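One structure is given below, encoded as structure tokens.
The values are calculated or read from the model by the stated rules, or taken from the named source; none is laboratory data. Treat the numbers as computed from the prediction; the structure is a model and nothing was measured. With ideal geometry, Cβ positions are generated from the backbone for all residues, glycine too; neighbour counts draw on all protein chains shown. What goes into the accessible areas is simple: the full protein's heavy atoms, side chains included, and nothing from ligands, DNA or RNA. Shrake-Rupley method; radii C 1.70, N 1.55, O 1.52, S 1.80 Å.
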Amino acid sequence: MPLITHTLYQVSTATALVEGIYQGAVPIATLRKHGDLGVGTFEDLDGEMVIVDSHFFQVRSDGSVREVEDTVLTPFAAITAFSAGSPVLLDSCPDLAHLTSRFDVLRHSDNVFFALRVDGKFDYVHTRAMRRTSEGVPLVRAAAVQPEFEFRDVVGTFVGFWTPEYAKTLNVPGYHLHFISADRTRGGHLLQCRGTNLRLQIQREGDYHIALPETADFLKANLRRDPTAALAKAEGEKR
């Protein structure tokens, strides 16, 4: 039986985001042609994008959630057509590290991309949402003032990707997950979680397609710097 090849379609690069390239480059209508599950952000870094079951949600810095129209622009996003097989059940998940360690077991390689989905009821979810930011402000500075949210006893879904270390200039290395509640009223970039009886799904991405922006800021930006430290500081849970 031939291996089914899935394609990860991405707008721009992680390095560009780190350097403050937030100008909208691709409309949601274009993303929609490439899949039904993914993550990203919006023009001017205005919140978190959560793509689940072909619906595109914006989680803003005030905690509000809305489904966006096809004309809305994104400076950075990743999406795939998700058709993973039967879910793997996780009886108990005390924290995010335990969840990712379970996915580590399910991944068969450190050298390819994987799409991820987790469904269930969570005792605790900790998220954040980026605040609208001026073009050119480095991601680390923008992330320093990001609002954070805590949810308890919430049913919902995590979606996102695992990226190999060698691709760190292209996407966030390691695990990058966003959350949306089942009632579509709460969400954000996942920082921490705790739950039971979770359903995990994973899909290998065999092809990787990047749409590079044609905006003036992207074309003239210095994208030579290693974004690893900045991404870790901006994306992770604050200690």
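Could you name every one of the strands (runs of 3 or more DSSP E) located completely within region 171-239 that has at least 2 residues being under 25 Å from Ser92 (Cβ atoms)?
174-181, 187-205
If Phe161 meets every condition in (1) in a loop (DSSP other than H, G, I, E, B); (2) farther than 21 Å from Asp44 by Cα; (3) open to solvent by less than 40 Å² (accessible area, probe 1.4 Å) apart from one, which number is that one?
(1)
Return the pair list, or none, for Cβ contacts closer than 6 Å from residues in region 105-127 that are over 25 Å from Lys168 (Cα atoms) to residues that are at pLDDT 95 or above and of a type in the set (Ser, Thr, Tyr), at least 6 apart or on different chains.
Hits for this filter: Asp119/Thr157.
Would you check if there is a residue in region 97-113 being over 16 Å from Trp162 (Cβ atoms) and either at pLDDT 95 or above or more than 17 Å from the chain's Cα centre (by Cα) (or both)?
Looking through region 97-113, none of the residues is over 16 Å from Trp162 (Cβ atoms) and either at pLDDT 95 or above or more than 17 Å from the chain's Cα centre (by Cα) (or both).
For region 73-87, give me each residue that is part of a loop (DSSP other than H, G, I, E, B) and farther than 16 Å from Arg132 by Cα.
Once the filter is applied, which keeps residues that are part of a loop (DSSP other than H, G, I, E, B) and farther than 16 Å from Arg132 by Cα, region 73-87 yields Ala81, Phe82, Ser83, Ala84, Gly85, Ser86, Pro87.
Taking the condition of being open to solvent by less than 50 Å² (accessible area, probe 1.4 Å) and of a type outside the set (A, V, I, L, M, F, W, C), how many residues in region 117-137 meet it?
Looking only at that region, the number is 9.
Taking region 74-88 as the search range and keeping residues that are in contact with a strand residue (DSSP E or B) (Cβ under 6 Å, 6 or more places away or on another chain) and closer than 16 Å to Asp36 by Cβ, which one is surrounded by the fewest Cβ atoms within 10 Å (Cβ to Cβ)?
So, considering only residues that are in contact with a strand residue (DSSP E or B) (Cβ under 6 Å, 6 or more places away or on another chain) and closer than 16 Å to Asp36 by Cβ, the one surrounded by the fewest Cβ atoms within 10 Å (Cβ to Cβ) is Ala84.
Would you confirm whether any residue within region 121-142 is at pLDDT 95 or above, among the aliphatic types (A, V, I, L, M) and either over 17 Å from the mean Cα position of the chain (by Cα) or closer than 22 Å to Arg204 by Cβ (or both)?
Taking every residue of region 121-142 in turn, none turns out to be at pLDDT 95 or above, among the aliphatic types (A, V, I, L, M) and either over 17 Å from the mean Cα position of the chain (by Cα) or closer than 22 Å to Arg204 by Cβ (or both).
Given Asp110, Asp70, Asp104, Asp91, which one is open to solvent by 10 Å² or more (accessible area, probe 1.4 Å), more than 28 Å from Val145 (Cβ to Cβ) and either among the aromatic types (Phe, Trp, Tyr) or part of a strand (DSSP E or B) (or both)?
Testing whether each residue is open to solvent by 10 Å² or more (accessible area, probe 1.4 Å), more than 28 Å from Val145 (Cβ to Cβ) and either among the aromatic types (Phe, Trp, Tyr) or part of a strand (DSSP E or B) (or both) leaves just Asp91.
Taking only region 56-67 into account, find how many residues are part of a strand (DSSP E or B) and in contact (Cβ under 8 Å) with a residue 60 or more places away in the chain.
Here is the first cut: in region 56-67, the residues part of a strand (DSSP E or B) are 56-59, 65-67.
From what's left, in contact (Cβ under 8 Å) with a residue 60 or more places away in the chain: 57, 59, 65, 67.
Count: 4.
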